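Structure first, commentary second.
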Ligand code: SF4
Ligand code: SF4
């Protein structure tokens, strides 16, 4: 079965028993503190029940097959060209990347990883049915009610670091997870029991918004990934400056992790865009100009199948307004003035904030 899974193109495969996750109680406490923010689907009673018992997600479930795909430290848009590193070693705006460069989380520089996992997990389900015709399977890719990192640790794929990411000693943490639940009783792998974080706390110190409130406890409401991707409404004003030029997601707590210092670069990144698919401009002003010219329908056509489609046109423009407000670069002013005319109240409000930030920075008032 492991061979069949690896033949589907996964980098790691592990087998965990379909038992209650080890961190079910921590998960309940996390929800009780509202750390999930607007992601209310996570707190729904039926979703919680399924998360704390995989048999609620798939009746008769006996094994969770956990898979991973490595995107690596230099995830690309799909071509061979290397994307400049945006490693940040300071809090706030990443000056070394260029003042108008939009920073995008590595995994998002390409195809929507959900689509890639779904295709490969369907292949794996077919391979399983070829070996065991009566097997029942159900796939999940992080949107599903499965505590995936918990099961991944149980399946021996790594440990959960203080930054809440799953880390594997030779791979680091630049990989995504997908799961196939099945009623087959497959021999489980040895769990990964060691905590290799030791006394390190680099991720907690480096987080620009203090979102890692305790070891392995993340207040998503403060996390830039949540604020720029999952949050639908207005970004809290007190967190906007710390977002810097991060337009979609954030990798800081992975960039500073010593276990990512030598993480491998996959030869063929799994989320690469198909040749010829347009990539966003690597300039916040140009990107904003492009988006302002698109209506919602044309935005969908332009970004369909990419991770960047998730926040929608208004969400991306909101994020760009914050990034442009943080640049301190006067060349951002014309496009910000156009943004305050946009049809979206969300965009207008963030552009107004950005213009005000420029004004106070320049006048000191
Ligand atoms: S992704 Fe960024 S904002 Fe979120 S916890 Fe990590 S460093 Fe903090
Ligand atoms: S930066 Fe240090 S504490 Fe944080 S996840 Fe990596 S090893 Fe663990």
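The numbers here are math on the coordinates, done by the rules we state, and not lab data. From a predicted model like this one, the values you see are computed outputs, not experimental measurements. Cβ placement follows ideal geometry from the backbone for every residue including glycine, while neighbour counts extend to all protein chains displayed.
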(request) Could you state the angle between the C-alpha long axis of helix 345-363 and the longest principal axis of the C-alpha atoms of the chain, as a value from 0 to 90 degrees rounded to the nearest 10? (result) 50
(message) Taking every DSSP beta bridge with both residues inside the chain, roughly what % is antiparallel (nearest 5)?
(response) 90
(message) Quick check on segment 280-365: what are the equivalent-ellipsoid semi-axes from the Cα gyration tensor, as sqrt(5λ), descending, whole Å?
(response) 24, 12, 10
(request) Please give the helix 113-131 orientation as an angle from the longest Cα principal axis of the chain, in degrees from 0 to 90, rounded to the nearest 10. (result) 10
(request) Mind ranking 158-166, 120-128, 189-197 by how tightly packed they are, going by the mean number of other C-beta atoms within 10 angstrom, highest first? (result) 158-166, 120-128, 189-197
(message) To check my understanding: the extent here is largest minus smallest coordinate of the Cα atoms along each principal axis. What are those three numbers for the chain, in Å, largest first?
(response) 67, 44, 40
(request) Compute the FRET efficiency between residue 279 and residue 217 as 1/(1 + (r/R0)^6), taking r as their Cβ-Cβ distance and R0 = 35 Å, and round to the nearest 0.05. (result) 0.50
(request) Per DSSP H run of n ≥ 4, the term is -39500 (n - 2.57); total these for the chain, divide by its residue number, and report the mean residue ellipticity at 222 nm rounded to 500 deg cm²/dmol. (result) -10000 deg cm²/dmol
(message) At a 10 angstrom cut-off on C-beta neighbours, averaged per residue, how do the peptides 147-156, 20-29 rank from highest to lowest?
(response) 147-156, 20-29
(request) First measure r as the distance between the Cβ atoms of residue 309 and residue 267, then evaluate 1/(1 + (r/R0)^6) with R0 = 30 Å and state the FRET efficiency to the nearest 0.05. (result) 0.65
(message) Defining a contact as two alpha carbons under 8 Å apart and six or more residues distant in sequence, what relative contact order in percent does the chain show?
(response) 22
(message) As a footprinting exposure proxy, order 289, 119, 363 by other Cβ within 10 Å, with the fewest listed first.
(response) 363, 119, 289
(message) As I understand it, the value is the acute angle between the Cα axis of helix 312-327 and the longest principal axis of the Cα atoms of the chain; what does it come to in degrees, rounded to 10?
(response) 60
